[in-house]
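Novice: Quick one: structure below, then a few questions.
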Amino acid sequence: MTPSGAAPKRNRPVRKFIVRWMAPPLARWVYRSLGSSWHYVTEHEHRLTDLLKGDRPVVGAFLHARTFQLLHYFSRPSRGRWMLMCSKSSDGDVMTSLEESLGYRVARGSSGSGGARALAEMIRAQREDRQLHSCLAVDGSRGPRGIAQLGILTLARKANGILLPVAASTPKCWVNQRSWDRTVIPKLGAEIHILIGEPMDIPLQLSEAQAEDLRLDLQQRLLAMHVDLDARIGFKDTQPLVAPQGIGATPPQNATVTVTMSP
């Protein structure tokens, strides 16, 4: 019997069973059903295809809120092989199952837990396989929304990769207003527009000031790309791309990931 006034405990075994065994196949089925109905329109696609033909790995940079629009796009065999980072949370378990079913290689970790280890795994994998590419949400797994963090610069620099900003947008979608990033989920039959930005070559050696300048440059590029794309194709949201408390702010303390590896 629970103490007076205390809320009854949740049935954790049932919840764990649902999250571990029922949620992943359901998520895979729903996403594949939606994804197979989407139509993509790509602007400046040659920037991506040219880089895929090169001898350096590509490091795709995107906003966390647009993940679902990009997963299906980059899973096509013609797009090459890609590696992603996914958190160690229960939600991350579901996402990892989905991403692996689409052919992605996944490193588990986030800015809050295991991020440095996952980043090192991605760097090592791309050093060993120059045809393995990677994608990383610039604003991490916890935000603030729209604020670029330093981890993606570390990944591109230490993997000697080319940083490629990518924007995605569709007017036919749902916006999860309860999620920190306001996740955008395209509806059945949506036309999704992809905008490939100008590649960025990250120097192997960077001072703290140079890294901060590049972080702001990447952030401004991605935000400008989305503002332009959203306006042209008719996507609207009641909130800005950048969280109000994050405008003009520096990245949070846990956004700086230190990875000890040889240059």
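The values are calculated or read from the model by the stated rules, or taken from the named source; none is laboratory data. Being a predicted model, the structure only gives us computed values, none of them experimental. Heads up, the Cβs are rebuilt from the backbone with ideal geometry, glycines too, and the neighbour counts pull from every protein chain shown. Ligands, DNA and RNA are excluded from the accessible area calculation, which covers all protein heavy atoms including side chains. Shrake-Rupley method; radii C 1.70, N 1.55, O 1.52, S 1.80 Å.
Novice: Exactly one condition in (1) open to solvent by 10 Å² or more (accessible area, probe 1.4 Å); (2) in contact (Cβ under 8 Å) with a residue 60 or more places away in the chain; (3) more than 13 Å from the chain's Cα centre (by Cα) is not met by L132; state its number.
Specialist: The single condition L132 does not satisfy is (1).
Novice: When you go through (1) modelled with pLDDT of 95 or more; (2) more than 16 Å from L136 (Cβ to Cβ) one by one for I18, which number turns out not to apply?
Specialist: Going through (1) modelled with pLDDT of 95 or more; (2) more than 16 Å from L136 (Cβ to Cβ) one by one, I18 breaks only (1).
Novice: Considering only residues that are assigned to a helix (DSSP H, G or I), modelled with pLDDT of 95 or more and open to solvent by 50 Å² or more (accessible area, probe 1.4 Å), which ones fall in region 23-46?
Specialist: Passing the criteria: E45, H46.
Novice: Quick check on region 155-192: of everything there that is over 17 Å from the mean Cα position of the chain (by Cα) and not in a loop (DSSP other than H, G, I, E, B), which residue is surrounded by the fewest Cβ atoms within 10 Å (Cβ to Cβ)?
Specialist: Filtering first and then ranking leaves W174.
Novice: So, in region 212-250, of the ones that are closer than 12 Å to D139 by Cβ, open to solvent by less than 30 Å² (accessible area, probe 1.4 Å) and assigned to a loop (DSSP other than H, G, I, E, B), which residue ends up modelled with the highest pLDDT?
Specialist: Out of the qualifying residues, it is V242.
Yes or no, residue by residue, for (1) modelled with pLDDT of 95 or more; (2) within 24 Å of G143 (Cα to Cα):
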position	(1), (2)
N11	no, no
D50	yes, no
L63	yes, yes
C86	no, yes
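Novice: Let me ask you something else. Among the residues of region 145-154 satisfying the criterion of being part of a helix (DSSP H, G or I) and aliphatic (A, V, I, L, M), which is surrounded by the most Cβ atoms within 10 Å (Cβ to Cβ)?
Specialist: The extreme case among them is I152.
Novice: While we're looking at this one, here's another question. Which one is nearest to D237 (Cα to Cα) among residues in region 193-207 that are surrounded by 15 or more Cβ atoms within 10 Å (Cβ to Cβ) and more than 16 Å from the chain's Cα centre (by Cα)?
Specialist: Per the stated criteria, the residue is H193.
Novice: If R142 passes every condition in (1) within 20 Å of L223 (Cβ to Cβ); (2) crowded, with 18+ Cβ neighbours inside 10 Å but one, which one does it miss?
Specialist: (2)
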